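Input: a single structure, listed below in C-alpha cells.
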Amino acid sequence: MGLGDRMKASDYIVEFLAAHGVSTCFGYSGGAITHIMDSLQRAKGVRFVQTYHEQTAAIAAEGVSWFAHTVGVAIATSGPGATNLLTGIADAYFDSIPSLFITGQVNTYEYKNDKPIRQQGFQETDIVSIVKPITKYAALVVDATRLRYELEKAWAIAKSGRGGPVLLDIPMDVQRTDVTPDDLVPYDGNETACSTSIKYVGGFSEEKLKSLIANAERPIVLLGSGVFLSGSVAQYRAFIKSNGLPVVTSLLGKGAYPEDDSLSVGMIGSYGNRCANIAVANADIVLAVGTRLDTRQTGTNLASFVREGRIVRIDIDETELTNHRLKNVDSILGDAGEALHRLVDMPWARKSDSWSRYVARLKSGYAQEAEIARNVENRMPYSVMKALNRFSAGNQIYTVDIGQNQMFAAQMIRIREGQEWKTSGGLAPMGFSLPAAIGAAFATNMTRPIFAIVGDGGLHMSMQSLLLISQYRLPIKIILLNNHSLGMITQFQDLYFDKRKSGTTKESGYLVPEFSLIARACGLPYALFSDDDFDVGDALGDMIAAPGPRLIEFDVGEDTAVYPKLEVNMPIEDIGPKLSPEELRSAMIIDVLKQ
Ligand SMILES: Cc1ncc(C[n+]2csc(CCOP(=O)(O)OP(=O)(O)O)c2C)c(N)n1
Ligand SMILES: [Mg+2]
C-alpha cells in the first residue's frame, strides 16, 4: 500500500488484528458488526469463527489468550450481542486474561448521546458504561481518525501489568468510512509504560526478606495463575526444584509445578487437598506468587491462616497488595518473573530435613486417594478423574467447568509436565469449559488433545458449543459428569438447608435432557458409562484415543459429594469431614487450639 492510500476502516481494523498476530477471531453477526465481519471474511490470515452464542465467543477468546499467550479477540453486534459477551468479559477481568472485545454500535447520528432517553437507535445499548467496572479500558470510537490510537491503546492496556479485557465500541458509520492509515494518530504508550523493577511495599525490604528466609524452617511455595501469566513457569520450577521446597497451588495455579513430582503437595483452599491445607497451616513462611489469596483459598477465618508464619506475597497489582485483609503479609510489588531474580539468591537452602519429612508424611496420610477411601461414598466421579490421569497424553489440555465436577477434577487430576489446566476462578460461570476448550483447540491449531470436563448443568449452559466442536472436528473429548442435578448446590443444601432442595434436582424442578440424542443431533460420536467398572476393558480408552471430538457421558448417580470441603469459619487444616481432635493435633506442628 502506497503512502496516502485510503482504505475502509473495517479493513483497517482487521489488518490491525492480523498485524498483531491474531489468527482466530470469534464472534456472532448482527447488523451493527457486518462491516467488520465482511472485512474478516475477505482478510488473509485471520479466521472468523461464528460461535452460535456471543458468550461462547468471549470465553473462547479467553481460551486463545491462555493457551497461545496472546490477546484473545471476540466481536459482537450492538445491544444483545454486546450484552451476551458480558459473562466472558467479567471472567477475563477477574482472572486477568488479556482480551480484546469489539462491538458494533448504531451509527453516530442515531446514538442518543446525552439525551435523557433510554434508547434512540434500534439495539442501541451503552455497552461502554456497562462494561466499565469489568474492563481495564473501554471506549466508544466516534471518529475514524482515532481508530489507530484506540486499537493500539486497547491492545497495550490488555497486555500490560495485570492483564485483562478491553472493549472498543465502534459505530457502523465509523466502520464503513474510509481512512488513510498513514494519517492516523498513533498511541504514545504513556498509560501502559510500566516499570520492570520490583518494589518492596509498606516497609518491607530486601534485608527483611533475607532475614525472614534465613530464619525460616518450614518454607512452602504457593503458586497462582500469575506464574503462568508472567511466563515464568520454567524458572519457578527450576527454583523450587533446586531448593527442594514443598509447593502447593491455588485452583488456577494447578500445573504451575508438575503435580506428579515429590515436592508437589496439592491444591489448597476450601476444596483443597487435606495434605496441602495442613502443610500450609504449619508453614512459617509461605512464598505466595501471583495469587489473590481470596477466601476460597484462605477460608473465611482469616486470622487462622498461616497463623504462626509470614506470607511473602508477590503480585503485579498494587491494589491487591494494599487492600488485603490478611495481617501476616509482607508484600513485593512486581512481575513474578522479575521477583524471582531476587529470590534465587536468598538463603532458601533447607535447614533440616524434618520439614520435608513431615510434608511427605502428610502427603501419604492425607492424599486425595486416602480421603476418598475414608470419606466418599459414591466414588465414581473420582474414578473418572483417575481414569483421565491414566489416559491423558503428555501434552494434554484440560478445561474444566464449575461445580462438583470442577472440584473432583481439581482434587484428583495430576497435571504433569507438558500438560495444562484451565478453569475459572473469580467469576466461575457454568458453561465455561466447552468454550474454553474451543479456544484452546484453535490456539493450538488442533494439535493437542483436550479434555473438557463439564457437569450436566454446565452443559445445559453451553449446549451450542457441541455443534461447533463437531463442525470443526476439534480434538476435544467432552467428559460429562451427569449427576442429574446441580450437585455443588445440592451439597450446599444438604449442609445448610436441612437437605431441602429447590431447583436443583428432578423432584425440585431441574431436568437433564437425553444427552445421547443431543450428541446425535450435533453429529458427535457418543458413549455412556454408567457403572463403576467403566474402565474395565478398552471401551473408554478407545473412545479417548480416537481422533476428533467425542461426547463421553458418565452417569455418576444423583448422590455425589466432594470431599474434603471446608465449612464456613473453619481454619483450612480443619477441613471436613473433620479429623478427630487427637488426630488433627498429631497431624499438626503448630498449636491447634491457638487460632
Ligand atoms: C452461570 C452460573 N449460574 C449459577 C452458578 C452457581 N452454581 C455453581 S455450581 C452450580 C451447579 C453446577 O451443576 P453442574 O454443572 O451439573 O455441576 P455439578 O456440581 O453437578 O458437578 C451452580 C448452579 C454458576 N456458578 N454459574
Ligand atoms: Mg450436575
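The values are calculated or read from the model by the stated rules, or taken from the named source; none is laboratory data. Quick caveat: nothing in here was measured; it's all calculated off a predicted structure. Cβ coordinates were reconstructed from backbone atoms using ideal geometry, including for glycine residues, and neighbour counts include every protein chain displayed. We work out accessible area using only protein heavy atoms, side chains counted, and drop any ligands, DNA or RNA first. Shrake-Rupley method; radii C 1.70, N 1.55, O 1.52, S 1.80 Å.
Look at (1) closer than 30 Å to residue 447 by Cα; (2) open to solvent by less than 10 Å² (accessible area, probe 1.4 Å); (3) of a type outside the set (Val, Ile, Thr); (4) in a helix (DSSP H, G or I) and you find that residue 74 fails only one, number (4).
The residue list 62, 54 contains one member that is open to solvent by less than 10 Å² (accessible area, probe 1.4 Å) and among the acidic types (Asp, Glu), which is 62. When we screen 308, 318 for residues that are surrounded by fewer than 24 Cβ atoms within 10 Å (Cβ to Cβ) and either more than 26 Å from residue 575 (Cβ to Cβ) or touching a His at 6+ places or on another chain (Cβ under 6 Å) (or both), the only hit is 318. Looking only at region 415-435, which residues are in contact with a strand residue (DSSP E or B) (Cβ under 8 Å, 6 or more places away or on another chain) and away from ligand 1 (no atom under 14 Å from the Cβ)? Selection gives 415, 419, 420, 421, 422.
The residue pairs whose first member lies in region 16-41 and is in contact (Cβ under 8 Å) with a residue 12 or more places away in the chain, whose second member is aromatic (Phe, Trp, Tyr) and surrounded by 23 or more Cβ atoms within 10 Å (Cβ to Cβ), and whose beta carbons are closer than 6 Å, counting only pairs six or more residues apart or on different chains, are 24/442. Taking the listed residues 538, 532, 494, the one that is of a type outside the set (Phe, Trp, Tyr), within 13 Å of ligand 1 (Cβ to nearest atom), at pLDDT below 95 and on the phi < 0 side of the Ramachandran plot is 494, with no other qualifying. For region 441-486, the set of residues classified as within 15 Å of ligand 1 (Cβ to nearest atom), open to solvent by 20 Å² or more (accessible area, probe 1.4 Å) and over 19 Å from residue 87 (Cβ atoms) consists of 484 only.
Per-residue answers, yes or no, for (1) under 13 Å from residue 552 (Cα atoms); (2) surrounded by fewer than 16 Cβ atoms within 10 Å (Cβ to Cβ); (3) more than 12 Å from ligand 2 (Cβ to nearest atom):
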{"site": "495", "(1), (2), (3)": "no, yes, yes"}
{"site": "499", "(1), (2), (3)": "no, yes, yes"}
{"site": "504", "(1), (2), (3)": "no, no, no"}
{"site": "523", "(1), (2), (3)": "no, yes, yes"}
{"site": "526", "(1), (2), (3)": "yes, no, yes"}
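A single member of 293, 326, 287, 321 is assigned to a strand (DSSP E or B) and closer than 21 Å to residue 202 by Cα, and it is 287.
Picking from residues in region 98-110 that are in contact with a strand residue (DSSP E or B) (Cβ under 7 Å, 6 or more places away or on another chain) and not polar (S, T, N, Q), the one that is nearest to residue 68 (Cα to Cα) is 100. If only residues of region 219-255 that are among the hydroxyl-bearing types (Ser, Thr, Tyr), within 19 Å of residue 342 (Cα to Cα) and open to solvent by 10 Å² or more (accessible area, probe 1.4 Å) are counted, the one that is farthest from the chain's Cα centre (by Cα) is 242.
Table: residues versus (1) in a loop (DSSP other than H, G, I, E, B); (2) β-branched (Val, Ile, Thr).
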| position | (1), (2) |
| --- | --- |
| 104 | no, no |
| 109 | yes, no |
| 114 | yes, no |
| 122 | yes, no |
| 154 | no, no |
| 166 | no, yes |
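Being among the acidic types (Asp, Glu), more than 25 Å from the chain's Cα centre (by Cα) and open to solvent by 50 Å² or more (accessible area, probe 1.4 Å) is a description that does not apply to residue 574.
The set of residues in region 391-410 that are crowded, with 24+ Cβ neighbours inside 10 Å and either of a type outside the set (Phe, Trp, Tyr) or in contact with a Cys (Cβ under 7 Å, 6 or more places away or on another chain) (or both) comprises 397, 399, 400, 401, 403, 404, 405, 406, 407, 409, 410. Within region 300-317, the set of residues being within 21 Å of the chain's Cα centre (by Cα) and outside any strand (DSSP E or B) comprises 316, 317.
Filtering region 505-526 to residues that are touching a strand residue (DSSP E or B) at 6+ places or on another chain (Cβ under 9 Å) and within 16 Å of residue 483 (Cα to Cα) leaves 512, 515, 516. The condition of being touching a Cys at 6+ places or on another chain (Cβ under 9 Å) and not β-branched (Val, Ile, Thr) does not hold for residue 459. Considering each of 380, 407 in turn, give the residue that is of a type in the set (A, V, I, L, M), within 13 Å of ligand 1 (Cβ to nearest atom) and over 19 Å from residue 297 (Cβ atoms). Matching residue, one of 380, 407: 380. Looking across region 371-381, just one residue is open to solvent by less than 30 Å² (accessible area, probe 1.4 Å) and either without any contact (Cβ under 8 Å) to a residue 24 or more places away in the chain or within 26 Å of residue 474 (Cα to Cα) (or both), and that is 381. Can you say whether residue 491 is over 24 Å from residue 413 (Cα atoms) and either touching a residue at least 40 places away in the same chain (Cβ under 8 Å) or within 16 Å of ligand 2 (Cβ to nearest atom) (or both), as far as the supplied structure shows? It is false that residue 491 is over 24 Å from residue 413 (Cα atoms) and either touching a residue at least 40 places away in the same chain (Cβ under 8 Å) or within 16 Å of ligand 2 (Cβ to nearest atom) (or both).
If you go through region 410-457 and keep only what is within 16 Å of ligand 2 (Cβ to nearest atom), over 14 Å from the mean Cα position of the chain (by Cα) and under 20 Å from residue 267 (Cβ atoms), you end up with 454, 455. If you scan region 528-555, which residues turn out to be in a helix (DSSP H, G or I) and either among the basic types (Lys, Arg) or open to solvent by less than 40 Å² (accessible area, probe 1.4 Å) (or both)? Result: 540, 541, 543, 544.
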